[in-house]
Every structure is written in structure tokens, then in C-alpha cells.
Amino acid sequence: MEIIVSSFYKYIPINNKIENLRKKYLKFCRSIEIKGKILIAKEGINGSVSGTKEQINKFKKYLLKNKLFKDLTFRENIANDYAFKKMLVKTRKEIVTSGLKADLKNKGEHISPKKLKEMLDKNDDILLLDARNDYESKIGKFKNAITPNIHEFRQFKILLKDLKKYKDKKIVMYCTGGVRCEKSSALLKENGFKNVFQLEGGIINYINQFPDSYFEGRCFVFDNRISIHSGTKNHDISMCDYCHVPSSRYINCENEKCDKFFICCRECDKIMRHSCSKQCKVRTLKRNN
Ligand SMILES: [Zn+2]
Ligand SMILES: [Zn+2]
């Protein structure tokens, strides 16, 4: 079965009750049996849904009927199965939890994947800044990009101090689908960074147009697939935490109390019974017996 995973976002003030919108969209999504996750806030919408081509077309048609979202664009890729277990539509304070007070009016100018590719081909003097978390950039990133050491997007603001030395550089920021760069690029500009750009549609938009080109490894995604390939070549830039063979295979430690998210190749997974350590393996064995 070929399933399409379609993601989208838009910052737009929503004045009507977001709770009503939530109910309406949940009802519709359930009626056409797609699976995914949509977040709605007073500041906009952000979501990712999976379904057959027919289901996704119905969904897009429905969403685009709303005047607020009529110019919404979608980033799509293929999966073997529904990429989510169920359909969730939630209301939130922000469409991506950032805690950033930045004004979107100050956001960095968008540049297209084509433009970025040209800049990289010409070897332009730019600084690529990965706006994602460390566990995401660990398995895939743009060549020579700066990959901050943060665990969650909420921590982005602490990077300002470290990034100060690049204040006069031309900076191109990127994330998975673009949404995280909107506020974080504004934050940089509000703090004196003059030349800040953001990659339109993020990594997904880029690798769809330019596979095997400057993006190395796999692209982390927040659904059941965990990561997607970035081209035709299979290349892991990370390795198994145990045996150090090339691998991008993330699992959660089977010990519920630990739940560590780590990279583990298939072989080690079997030997260690989905556990991150000997201690966790013992606990898991006890529990299962
Ligand atoms: Zn291994
Ligand atoms: Zn563990």
C-alpha cells in the first residue's frame, strides 16, 4: 500500500474559536479515515497527516476551503503504511512549543531549495544553521552545518550567546519542514543578526527536489517512521551505540522506567533485547518472565 505523508503549517491569526475548529477538523479527518496529528493555536496551524492519495486529496481540498488556509502548501513523501497510529487534533498555545517571544514580522527571508543549492554549488560564504534538536541532526544534516546541542526547541534561546560570533555572517537556517525557523530566525534578527534566511519548506522540501545533494544521512521525522532517507543512496552518518556499525536506527529502551532513545543496530537490538544497558536488560527480563 502506498501511503502519502503530507505536512503543512501556517502562521495566521485565528480569531474564531480554535476549539470549534478543532472539533470540526477532527470530525472530518475521522470521516475520511486519515491518520495524523494537527495542532491549532490562535497563531495558526501545524500538522502532518497520512493516507492514500485519494484520502489526502480529500483532506487538502477540505482544508483549503477555509479562507485562512487557502494558500497553504504541503510537503509530501511516501510511506509503506500510515505514519501515525491515530488521528489527533489538538489546541495549543503555540503551533510549535518554543517559548520564544520573537515577533514573526522580523522573521528571516525565505529562500527556495533551488536558491540554496545554487549558493552551495557556488561555494558562497554562508553559514548553515540547523534549528533542530541534537538527536535529529545526529542522523542527518546539511554538509558543514552547525548543529546545536539542544534537546528540545524550547532551548533554542540559550544558543544566542554561542552564535554571537556569527552575527555578521550570512546565515541560512533550516529545520524539518520550516516551521521552527519562523520564530527562531526572528529571534536572531531581533538580537542583532542582520543576514538571516530560512529554507522554505525545510529539509523535506529540499530533499524532494535535490536528493543526494548536500544533505547527508537521514531526515528525522516525528511519526512512526522516525526517519526518512534523503536520497537514493543509503548512507548512515551515525552509528550503533553498542557496536559502532553505521546505523540511524533509533529505538526506545524496553525498560519503561528508562525509556532512553538511542541508536541501536538490528543485531545489537536482538542481543540486548531492546535495552540500552545491561542493567536495563536485566530489568526487562525480570518483567517479561
Ligand atoms: Zn550494533
Ligand atoms: Zn535503558
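The values are calculated or read from the model by the stated rules, or taken from the named source; none is laboratory data. Treat the numbers as computed from the prediction; the structure is a model and nothing was measured. With ideal geometry, Cβ positions are generated from the backbone for all residues, glycine too; neighbour counts draw on all protein chains shown.
With respect to Leu21, determine if the residue is within 23 Å of the chain's Cα centre (by Cα) and not acidic (Asp, Glu).
For Leu21, the condition - within 23 Å of the chain's Cα centre (by Cα) and not acidic (Asp, Glu) - is not met.
Restricting region 152-185 to residues that are aliphatic (A, V, I, L, M) and crowded, with 17+ Cβ neighbours inside 10 Å, which is nearest to Gly47 (Cα to Cα)?
Val179
Would you kindly identify the strands (runs of 3 or more DSSP E) lying entirely within region 225-289 that contain at least 1 residues that are more than 16 Å from ligand 2 (Cβ to nearest atom)?
Filter on region 225-289 gives 227-229.
Regarding Lys93, is this residue in contact (Cβ under 8 Å) with a residue 24 or more places away in the chain and more than 14 Å from the chain's Cα centre (by Cα)?
yes
I'm told Ser7 meets every condition in (1) part of a loop (DSSP other than H, G, I, E, B); (2) in contact with a Lys or Arg (Cβ under 7 Å, 6 or more places away or on another chain) except one. Can you identify the failing condition by its number?
(1)
Does Asp71 count as in contact with a helix residue (DSSP H, G or I) (Cβ under 8 Å, 6 or more places away or on another chain) and either touching a residue at least 24 places away in the same chain (Cβ under 8 Å) or not aliphatic (A, V, I, L, M) (or both)?
no
Step by step: first the residues of region 247-284, then only those that are more than 15 Å from ligand 1 (Cβ to nearest atom) and surrounded by 19 or more Cβ atoms within 10 Å (Cβ to Cβ), then the one that is modelled with the lowest pLDDT. Which residue is that?
Going through the qualifying residues, I end up with Thr284.
Just need a number here: residues in region 204-224 that are touching a Leu at 6+ places or on another chain (Cβ under 7 Å) and either surrounded by fewer than 16 Cβ atoms within 10 Å (Cβ to Cβ) or not in a helix (DSSP H, G or I) (or both). Show your work before the answer.
Taking region 204-224 first, the residues touching a Leu at 6+ places or on another chain (Cβ under 7 Å) are 206, 214.
From the residues that got through so far, the ones that are either surrounded by fewer than 16 Cβ atoms within 10 Å (Cβ to Cβ) or not in a helix (DSSP H, G or I) (or both) too are 214.
Qualifying residue count, region 204-224: 1.
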